[in-house]
Structure formats: C-alpha cells, structure tokens
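This report refers to the structure that appears directly beneath it.
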C-alpha cells in the first residue's frame with residue numbers, strides 16, 4: 001500500500017456489521033462506486049452542476065480537465081485500492097464529481113452571489129440533502145483535497161481567484177476567509193461539529209487532512225491533549241452506565257452512525273493513525289448498556305430518540321466491534337468519571353460537571369480534552 005493512501009475500501013470485517021453505513025445512497029463521489037448502476041440516476045444532476053459552473057465562471061472545460069490531468073498521478077495515490085480507470089477516465093470522474101461538490105457547497109452557502117435555481121433537484125427535493133450528508137462522509141466516497149483545491153481556485157470569482165499554483169494537497173488553516181473552500185465545507189457540516197466552525201482549527205503539528213472525512217475527524221479530535229495512551233486494554237476501568245449516572249448531567253449529542261463507523265474504518269486502515277475515535281466508541285459503549293440507559297437519556301432530552309431504545313443500545317454496543325484498539329486513549333477520563341461516581345462530595349460533582357459535562361457538545365468536549373481532570 002502506498003504511504004500516501006488515505007481513501008480505503010471498507011474492511012469486510014467492519015462492513016458486515018452495517019453495510020448501509022458505508023455505502024452511498026444516491027451520489028457516487030470519486031472512482032470507487034462510479035460504476036454502480038443504482039447511482040447513475042444522479043449523474044445527470046452532477047452534469048448540470050458542471051455545466052452551470054462552466055457557464056457561470058467562464059472557465060473552459062478543457063482547462064478544468066487540464067488542471068486535474070497534471071495532478072492525476074498524485075490523486076491516484078490517495079486511493080489504496082487499485083483504480084481500474086485509465087488516467088483520462090479518472091480525470092473526467094474527478095472533474096465531474098469535484099466540480100459538482102464545489103458548486104453545491106457554493107450554492108448552499110449562497111456566497112459569491114450564487115443561489116440555487118428553482119428547478120434544482122438538490123435544493124427542491126428534501127431527500128437530497130439527507131443523501132448528501134450521508135454520502136459525502138463515506139470513506140469510500142472521498143475525493144482527494146488536492147483535486148478540490150485546484151478546481152476551487154480555478155473557478156473562484158476573478159477578484160478572489162488564487163490560481164492553481166497556490167493549491168495544496170492538504171488543507172490550509174491560515175485564517176480562511178468566508179468564501180474559502182475550507183470555510184464552505186465547514187459551513188455545510190456545521191451540524192456535526194462542536195462549537196463555531198469558523199473558530200475550529202486543527203492543532204499545529206498534526207498531519208493535515210487529505211479529504212473531507214479526515215477533516216471532520218481531525219476537527220473532532222483537534223483539542224486532544226493526551227499524555228500517552230493506556231497500553232494494556234484490560235486495565236482501564238469501565239465507567240458507570242447512564243442509569244447509574246442518573247444525576248451526573250452527562251449529555252450525549254446525536255451523531256450519525258455513518259460518520260462514526262467511517263471514521264473508525266479510516267483509523268483502522270490508515271498507517272500511523274491514532275485510534276482516538278475508536279477509543280471514543282468504547283467510551284460510548286460503556287455509557288449505554290441497556291434500553292433503560294437510552295430511555296433515561298431520552299427523557300432528559302440528552303439523547304434524541306432517533307432509534308427505539310433496543311436498537312440504540314445495540315448500535316452503541318456494537319459500534320466498534322471487530323475494530324482493533326492497541327492503545328486506549330481515554331483512561332484518565334474513565335478513572336475520573338468512575339471516581340466521581342463513587343464519591344458524594346458536592347465539590348467533586350461541581351468540578352466534574354463544569355469540566356466535562358457543561359455544554360451541549362459535552363462528549364465531544366470530553367473527547368477533545370480527555371486529561372483535563374478535576375483539580
């Protein structure tokens with residue numbers, strides 16, 4: 001496998017648990033699902049978006065193709081699986097899918113005085129947004145950021161255009177403006193990100209994200225301040241369940257099954273990738289052990305009742321099944337929560353609630369700073 005690989009087919013051992021969580025429902029992005037017959041219906045939508053982009057910007061299609069052709073070899077290396085397309089075929093796929101994605105996020109943000117047309121099926125059919133929220137976060141459905149960056153810069157308004165010479169193979173975090181590619185992507189996915197997306201940054205020294213899914217993962221763990229993982233997975237203390245923590249005030253934000261499973265799959269497949277999110281799934285498994293835990297959290301409006309209690313419990317308990325975790329990254333948090341549960345001092349409760357469980361994105365905050373314990 002090439003060291004540059006960052007887009008992987010889902011391992012069968014994970015795929016068997018929830019095929020729908022890894023499979024596109026309407027849109028193929030990139031080469032891995034391009035030949036799927038059931039996804040051909042939306043090819044016309046993508047073609048229309050490409051035509052609109054060319055017409056609106058005045059950038060010739062041959063220039064878009066020429067730009068991507070120059071980086072085709074680099075883009076191909078991003079895919080771990082052999083891509084059974086000739087270079088010119090892969091270029092056409094990347095141009096079509098990349099331009100569709102760019103034009104879509106521009107319309108979504110209504111930046112550059114761009115608004116969707118009244119007959120645009122993506123914005124006039126309610127199901128389309130749900131399809132895109134799902135399909136754009138799938139590991140197998142990623143497109144290299146280097147492709148998006150080149151196409152985005154080439155098709156910006158003339159006064160904002162940087163040219164492809166400044167395009168990058170990874171995400172640039174140097175104060176993006178409101179119309180940057182990064183800003184528009186964050187705006188679209190703001191509902192699954194903690195806090196204000198405009199204030200989010202991947203911390204200095206962390207490898208830069210190479211596609212959208214990796215970007216979301218990196219943002220969700222961006223404030224991680226681990227002092228080293230626990231090497232022996234059998235020695236960390238399981239935390240009490242939600243039923244036992246009835247008065248603790250722990251809040252769980254609803255997240256999609258697809259997002260969690262695909263980030264875990266990415267961590268499992270990537271070289272030298274810390275299993276931070278997989279460790280987080282273990283944490284959730286310990287918090288929810290029974291339908292009563294889900295009911296209790298739902299009644300307190302802590303968990304949205306998007307599944308029946310039995311299915312929700314099964315989801316949390318099976319989220320990381322067959323995912324290998326050599327190093328568990330939240331032992332300190334588990335020790336703190338268990339110690340907090342066992343003690344009744346008001347000062348302990350106040351301190352822990354303030355440090356860990358005070359915001360709507362509590363578990364993301366916990367995940368972000370797992371070693372900030374009570375003083």
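Nothing in this text is a laboratory measurement; each read-out follows from the coordinates by a stated rule. Source: prediction; values computed, not measured. All Cβ positions, glycine included, derive from the backbone under ideal geometry; neighbour counts span all protein chains shown.
Summary table
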{"item": "Nearest-0.05 FRET efficiency for residue 222 and residue 292, computed from C-beta distance (R0 30 Å)", "result": "0.30"}
{"item": "Cβ-based exposure ranking for 149, 4, 218, in which fewest neighbours within 10 Å come first", "result": "4, 218, 149"}
{"item": "Packing-based ranking, highest mean first, of 62-73, 26-37 given that Cβ atoms within 10 Å are counted", "result": "26-37, 62-73"}
{"item": "Cβ crowding within 10 Å averaged over residues, with 97-106, 48-57 ranked highest first", "result": "97-106, 48-57"}
{"item": "Under the Debye formula (equal points on every Cα, no solvent term), log10 I(q)/I(0) of region 1-137 at q = 0.10, 0.16, 0.17 Å⁻¹", "result": "-0.37, -0.94, -1.05"}
{"item": "Order of 128, 110 - criterion: other Cβ atoms within 10 Å of each residue's Cβ, fewest first", "result": "110, 128"}
{"item": "Label-point separation, residue 38 to residue 84 (7 Å along Cα→Cβ), nm", "result": "1.9 nm"}
{"item": "Extension gain from residue 16 to residue 61, taking 0.36 nm per residue of separation minus the Cα-Cα distance", "result": "12.1 nm"}
